[in-house]
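K.L.:
Supplied in structure tokens, the structure appears directly below.
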Amino acid sequence: MASIRSIPVLQFAKYTLCGTLATGVQLAAFYLFATFIWPEALDRSLPDEIRRNGAVLSNLLAFPISNTFAYVTNAIWVFTGGRHHRVTEFVLFTLVSSVSFFAGLVAGPQLIRWFGISTHLAQASFVATSALVNFTVRKLFVFQR
């Protein structure tokens, strides 16, 4: 009998739930940093460049928190480890996260620059951009299944 971890639809559903929770952690950390450390990130009365910088810095601080949360939940509940040593697995997981994170980190501020959109909408684009490739790359290269 196949393990639930190996049934693609169920695995992807669990991955989506973990990703949603990790996104919640990212957003919570982002808004905490943007509220208490770089409040200019959320102040629409300030120039776009200032808002962009605050948003980027807030996301940079939030990333390690959400990445660690995502790794732990994925390693425990979604994927089967064993392809690599746990430390290597975490490093590869973080590398994949970093690539998609930095793609999103560039996309959000560029949307603010090009279109003057709100920080909230730019943050939503950041989340969407970051999530696109993670499942496939992690399934194929990081975890055993």
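Any read-out appearing in this document is the output of simple, stated calculations on the displayed coordinates, not a laboratory observation. What you see is a predicted model; the values in this text were computed from it and never measured. Please note: Cβ atoms are built from the backbone with ideal geometry, for glycine as well, and neighbour counts cover all protein chains shown.
K.L.:
Roughly what would the spin-label model give for residue 36 and residue 88, points 7 Å off Cα along C-beta, in nm?
P.N.:
My value for the distance between the label points is 3.9 nm.
K.L.:
Taking the simple approach of a point 7 Å from Cα along Cα-to-Cβ for both residue 12 and residue 124, what is their distance in nm?
P.N.:
Result: 2.3 nm between the two label points.
K.L.:
Under a GNM of the chain (C-alpha, springs under 10 Å), which listed residue has the highest mean-square fluctuation: 27, 57, 121?
P.N.:
Sorting by GNM fluctuation, first place goes to 121.
K.L.:
While we're here: (i) 92; (ii) 150; (iii) 169: which one is volume of the Cα convex hull per residue in Å³ as calculated from this entry?
P.N.:
Answer by label: (i).
K.L.:
Helix 119-131 versus the longest principal axis of the chain: what is the Cα-based angle in degrees, 0 to 90, to the nearest 10?
P.N.:
Long axis of 119-131 versus the principal axis of the chain: about 20 degrees.
K.L.:
Something else: Label residue 136 and residue 72 with points 7 Å out from Cα along Cα→Cβ: what is the distance between them in nm?
P.N.:
3.0
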